[in-house]
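Student: My structure is below; once you've seen it, I'll send some questions.
The values are calculated or read from the model by the stated rules, or taken from the named source; none is laboratory data. These figures come from a predicted structure and were not determined experimentally. Backbone-built Cβ (ideal geometry, glycine too); neighbour counts: all protein chains shown.
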Amino acid sequence: MNFRPLDREDVKPLQRLFMESLSDLIRREQFEDADLLDEEVERLNTTVQDSFEDETVQIFVVLQGDVIVGAAAMLPPNDIIAAHVDIEPNVPEIGCMYVSPTSQRQGVGHFLIENIKLQLSANGQTAFYLDAGFPTSQDYWEKRLGPPVLTLDHYWGTGAPHKIWRCTTTEKET
């Protein structure tokens, strides 16, 4: 696997990864919100554009051969995190993390987060925030990072929490 910053020629393949991953996630989660996929893809595409115009937004991709199989962004904490956590200076969010459905459970996510942590350390950053609203994403992160620092019960409706983590770059995944 190869980890590197996003290049302009990666935009179309990355958009396909987002669409494929989100479609799979929404199907598995059995969400019935018809607009959710379009809203999430639009948000991700905005982040991609921001990465070319704003130095505080960086996107990294993981390739197997010449195929993008994963991606994640380092960016300022999103509105949900900022509204519920006292944001520390120089502590970014790790967000927009997606792995191709055909590459899941093959170490791509682990490889991606470990390389992001190395990048943060190289930038002199010692911690990061991460949040999740999808139940399967929350389960994954709880297994990898331990319990969240904050659970916003019923954030997305009855029985649908949103979870926020604050991690250091030196913490080992569980």
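Student: Within segment 88-101, can you find the residues that are out of contact with any Phe, Trp or Tyr (no Cβ under 7 Å at 6 or more places or on another chain), in contact (Cβ under 8 Å) with a residue 24 or more places away in the chain and surrounded by fewer than 20 Cβ atoms within 10 Å (Cβ to Cβ)? Talk me through it step by step, then tell me what you get.
Tutor: At the first step, the residues of segment 88-101 found to be out of contact with any Phe, Trp or Tyr (no Cβ under 7 Å at 6 or more places or on another chain) are 88-90, 95-97, 99-101.
Keeping just the survivors that are in contact (Cβ under 8 Å) with a residue 24 or more places away in the chain gives 88, 90, 95-97, 99-101.
Across segment 88-101, the qualifying residues are E88, N90, P101.
Student: Same structure, new question: I81 - would you say it is buried (at least 16 other Cβ atoms within 10 Å of the Cβ), modelled with pLDDT of 95 or more and assigned to a helix (DSSP H, G or I)? Lay out the reasoning, then the answer.
Tutor: Details: buried (at least 16 other Cβ atoms within 10 Å of the Cβ): yes; modelled with pLDDT of 95 or more: yes; assigned to a helix (DSSP H, G or I): yes.
Judged against the criteria, I81 is a match.
Student: Further question on the same structure: Right, E40: surrounded by 14 or more Cβ atoms within 10 Å (Cβ to Cβ) and in contact (Cβ under 8 Å) with a residue 40 or more places away in the chain or not?
Tutor: Numbers: surrounded by 14 or more Cβ atoms within 10 Å (Cβ to Cβ): yes; in contact (Cβ under 8 Å) with a residue 40 or more places away in the chain: no.
Criteria not met by E40.
Student: Please work out which residue is surrounded by the fewest Cβ atoms within 10 Å (Cβ to Cβ), limiting yourself to segment 137-149 and to residues that are touching a Lys or Arg at 6+ places or on another chain (Cβ under 7 Å) and more than 18 Å from L112 (Cα to Cα).
Tutor: Once the filter is applied, the top-ranked residue is V149.
Student: Could you go through segment 30-38 and let me know if any residue there is touching a helix residue (DSSP H, G or I) at 6+ places or on another chain (Cβ under 7 Å) and closer than 24 Å to T151 by Cβ. Can you show your working first?
Tutor: The first filter runs over segment 30-38 and keeps only residues touching a helix residue (DSSP H, G or I) at 6+ places or on another chain (Cβ under 7 Å), leaving 36-37.
Those still in the list that are closer than 24 Å to T151 by Cβ too: 36.
Yes; the residues of segment 30-38 include at least one that is touching a helix residue (DSSP H, G or I) at 6+ places or on another chain (Cβ under 7 Å) and closer than 24 Å to T151 by Cβ.
Student: If you don't mind, another one. Looking at (1) within 20 Å of T56 (Cβ to Cβ); (2) among the β-branched types (V, I, T); (3) modelled with pLDDT under 95, can you tell me which one V91 breaks?
Tutor: Checking V91 against (1) within 20 Å of T56 (Cβ to Cβ); (2) among the β-branched types (V, I, T); (3) modelled with pLDDT under 95, the one that fails is (3).
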